[in-house]
Structure formats: C-alpha cells, structure tokens
Number of protein chains: 2
Amino acid sequence: MRYCPKCGHQVSMEIPEGDNRQRAVCPQCHHIDYDNPRLITGTIPLFDGKILLCKRNIEPRIGYWTLPAGFMENQETTSEGALRETVEECGSNAICKQAFSMISIPKINQIHLFYIAELPQPDFHATEESSEVALFALDDIPWEDLAFSSVEMTLRLFIEDHSKGSYGFHEDTIRINSIPR
Amino acid sequence: MRYCPKCGHQVSMEIPEGDNRQRAVCPQCHHIDYDNPRLITGTIPLFDGKILLCKRNIEPRIGYWTLPAGFMENQETTSEGALRETVEECGSNAICKQAFSMISIPKINQIHLFYIAELPQPDFHATEESSEVALFALDDIPWEDLAFSSVEMTLRLFIEDHSKGSYGFHEDTIRINSIPR
C-alpha cells in the first residue's frame, strides 16, 4: 500500500501509538490500514465413497488437481463460503457435514479450512475454473499431481480418519519457503 | 475505499471480468481491491478449574467481561494469534490445548475462533486493554456483564462440554442486526 484508501494521500509505514506493529498510516487523515490473514474455505466432496477433485484451469498450479476451495467472501459464514466455492469450481451442490481441517500458512498469511461434504447426486462438471472434474477412489488419489500442500495434507488426514472409521477436527501449520506448495 | 492504495487514483465500484461481486477497481492501474472477512482468535484460559476473564478497558464494550481475543495478525498461525492476544490482554502465558469454537458473524465479516488453553501458573494482571483480570468458577460467570455474544456462546458450549467430560469442536453462526452483541 502506497496511498491512503480513504483520502488518497501517500501513506508512511509506522507503528501507531498503542500498537506494536508497522502499519500503513496516513499523515493527512490519520487512517490506519490493517492487513490481516485471509481464510480460504473449501470442501472434501464425497459421493459413493469417492472424493471429487478439480483440475485447475487457472493459475496458480494450472493443470494440477485440487479440492474445491477459494477465498471466503464478506457477508458469508465459513461453510457458506466452502459451498459457494464448490458450486463455482465444479457445479456441485454439496452439503457440509463437519469442519475437518484448519491449516495455517503464516508465510502467505492464509488459513485453509476444509469441510467434509456430501454430494446428494453426482452432479458436477467442468467450469471456467476447472478443466476437468472427477471422482477418485481413495486408492486412486493423484498424489503426484496435487496443486497445493494443504490439499495433500487434508486428503492424507481424511484417509487416515476414514481407515479409523471416525472423523475428527484437525489443525496444523504449513511452514513453507516457496509458494505454491 | 475511495482511492487506489497502489496508485492513489479514485476507484470505482464494479464487477471485474470473470468475477460476480462488486469490488473497488482502479481505472488507472487496474488494481482490484478484495475485502475479506477477518479472523479474531482467542483463548478460554483455564487454571484450577476456573476460567480467566478480562474486563475491557477499551471500546467497544468497555467495562464488560470478555475472553482474551483479538484480530489475528499476518505471519502467525491461528493458535499463535490466540496466545499473543492472551499475553496482550492479561499478561498470561497460556498453552493451547485444542481449537474449541469457530463462530461466523457474517454481518460484520468476522470469524471468532477460541482455543481451550491452560495456564501453567496463575500469572495474570491488568493491562492497557483490561482494567481487571480474574478467575471465575464455572458457577460464577458474570453472564449479564459479558462483552460479546460470541464469548457468551463459547462459554455456554464450554460448560456444556465440561459437564459431559469431553470437549468437542463447535461451529456456529451469529446473525445479528446490531453490534456489538
């Protein structure tokens, strides 16, 4: 940020009074800009014991497989965001069953939150965001061609819980030096 | 937002190509501004079967009791954010045990995430943010004087789980027409 979004004056980076972090502060209108982590919400869409994955049709990681997920928007709940992204990426109307994984990626100021979700019908199709959409048996996950490490982590946790017969809520952190993956 | 944070030109509200929501778009440098929900992270700090609460010394809801919590910052994980806020609000070095409640408040574009946390010692004190800090037995929670509905919801869920002898992960939504509470 170089200019104040409220008055257009050039901002400076400083620690505001009573704060302990550098923020973009406007010397003219005194607006302080707070930049905070963003939530990515998505689903593990299940049908007939298989998991739906989307082949990315957009950067980053175009051509790699992912769970449907994307930036949570204002005015929605976490599960509403996850279901909206599922519609947008693969045309599926899923039903959230439970929050499953919450993965902090502090390097890129993101939190990835995935829900276990059911597809009442196998309704899915390619979209602008996904060149291909398909159901994968748990033995057939394309591990080498997954788009993001949070997706890989979530799928591994899911398969582990599935083999135990009960699904928990998992929290983890990905420390990375390069993105994506 | 009225001015582009990148180039200082006046922005206009429009739906960018390939998008379906209004964003602040800069006609000069074509920067698109995405405004997303923010995460508030905090703890339910426990010592000797009691819960630590902080009496707010700042607005909003000055003079009312709350669990220590605040906006998650960049470059931290959700639990790091929760523990940092606990230090800032009551001087306590807590240990996160598990994520406990995640409450979406779509009206104000926030998600409140609370961890069950242990205090190894009863180390706490008033701070700039808290005029008073105290441990409350579960029977003595000041229900009428709590600062926020997400805190009340979290405490009720905690006491319910405590009576069952096991703590789950809870997700809920608060639909409100006025804030705070």
Requested in this report: For segment A:64-82, name all the residues that are assigned to a loop (DSSP other than H, G, I, E, B) and within 14 Å of chain B (Cβ to nearest Cβ).
Outcome: A:72, A:73, A:74, A:75, A:76, A:77
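Do we have any residue at all in segment B:43-52 that's of a type outside the set (Ser, Thr, Tyr) and within 13 Å of the chain's Cα centre (by Cα)? Even if it seems obvious, please write down each step before you answer.
Looking only at segment B:43-52, we keep the residues that are of a type outside the set (Ser, Thr, Tyr), and these are B:44-52.
Next, only the ones that are within 13 Å of the chain's Cα centre (by Cα) stay: B:44.
Checked against the condition, which is being of a type outside the set (Ser, Thr, Tyr) and within 13 Å of the chain's Cα centre (by Cα), segment B:43-52 yields at least one hit.
Please find, within segment A:64-83, the residue that is most open to solvent (accessible area, probe 1.4 Å) out of those that are in contact (Cβ under 8 Å) with a residue 12 or more places away in the chain and of a type outside the set (A, V, I, L, M, F, W, C). Even if it seems obvious, please write down each step before you answer.
Residues of segment A:64-83 that are in contact (Cβ under 8 Å) with a residue 12 or more places away in the chain, as a first pass: A:64-72, A:78-79, A:81-83.
Among the residues that remain, those that are also of a type outside the set (A, V, I, L, M, F, W, C) are: A:64, A:66, A:68, A:70, A:78-79, A:81.
On the way: A:64: 77, A:66: 5, A:68: 0, A:70: 11, A:78: 1, A:79: 29, A:81: 0 Å².
Among residues in segment A:64-83 that are in contact (Cβ under 8 Å) with a residue 12 or more places away in the chain and of a type outside the set (A, V, I, L, M, F, W, C), the one most open to solvent (accessible area, probe 1.4 Å) is A:64.
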Report task. Could you identify the single residue in B:21, B:38, B:61, B:56 that is within 12 Å of another protein chain (Cβ to nearest Cβ), modelled with pLDDT of 95 or more and either surrounded by fewer than 22 Cβ atoms within 10 Å (Cβ to Cβ) or touching a helix residue (DSSP H, G or I) at 6+ places or on another chain (Cβ under 6 Å) (or both)? Result -> B:38
Requested in this report: Examine segment A:144-152 for a residue that is within 14 Å of chain B (Cβ to nearest Cβ) and surrounded by fewer than 21 Cβ atoms within 10 Å (Cβ to Cβ), and state whether such a residue exists.
Outcome: no
Report summary line: From the option list B:110, B:98, B:121, single residue qualifying as within 11 Å of chain A (Cβ to nearest Cβ) and either touching a Leu at 6+ places or on another chain (Cβ under 6 Å) or open to solvent by 50 Å² or more (accessible area, probe 1.4 Å) (or both) is B:98
Query raised in the report: Are there any pairs with C-beta distances below 6 angstrom linking a residue in segment A:141-153 that is in the same structural domain as residue A:69 (by TED's automatic domain parsing) to a residue that is among the aromatic types (Phe, Trp, Tyr) and at pLDDT below 95, with the two at least 6 apart or on different chains, and if so which?
Result: none
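Out of everything in segment A:2-18 that is in a loop (DSSP other than H, G, I, E, B), open to solvent by 40 Å² or more (accessible area, probe 1.4 Å) and not β-branched (Val, Ile, Thr), what residue ends up being nearest to residue B:12 (Cα to Cα)? Talk me through it step by step, then tell me what you get.
Initial filter on segment A:2-18 (in a loop (DSSP other than H, G, I, E, B)): A:2, A:4-9, A:11, A:15-18.
In the following step, the residues that additionally are open to solvent by 40 Å² or more (accessible area, probe 1.4 Å) were identified as A:2, A:6, A:9, A:15, A:17-18.
Restricting the remaining residues to those that are not β-branched (Val, Ile, Thr) gives A:2, A:6, A:9, A:17-18.
On the way: A:2: 18, A:6: 13, A:9: 17, A:17: 32, A:18: 34 Å.
Top of the filtered list is A:6.
The values are calculated or read from the model by the stated rules, or taken from the named source; none is laboratory data. Just so it is clear, the model here is predicted, and its values are computed rather than measured. Cβ sites come from the backbone with ideal geometry, for glycine too, and all protein chains shown count toward neighbours. Calculation scope for accessible area: heavy atoms of the full protein, side chains included, ligands and nucleic acids excluded. Shrake-Rupley method; radii C 1.70, N 1.55, O 1.52, S 1.80 Å.
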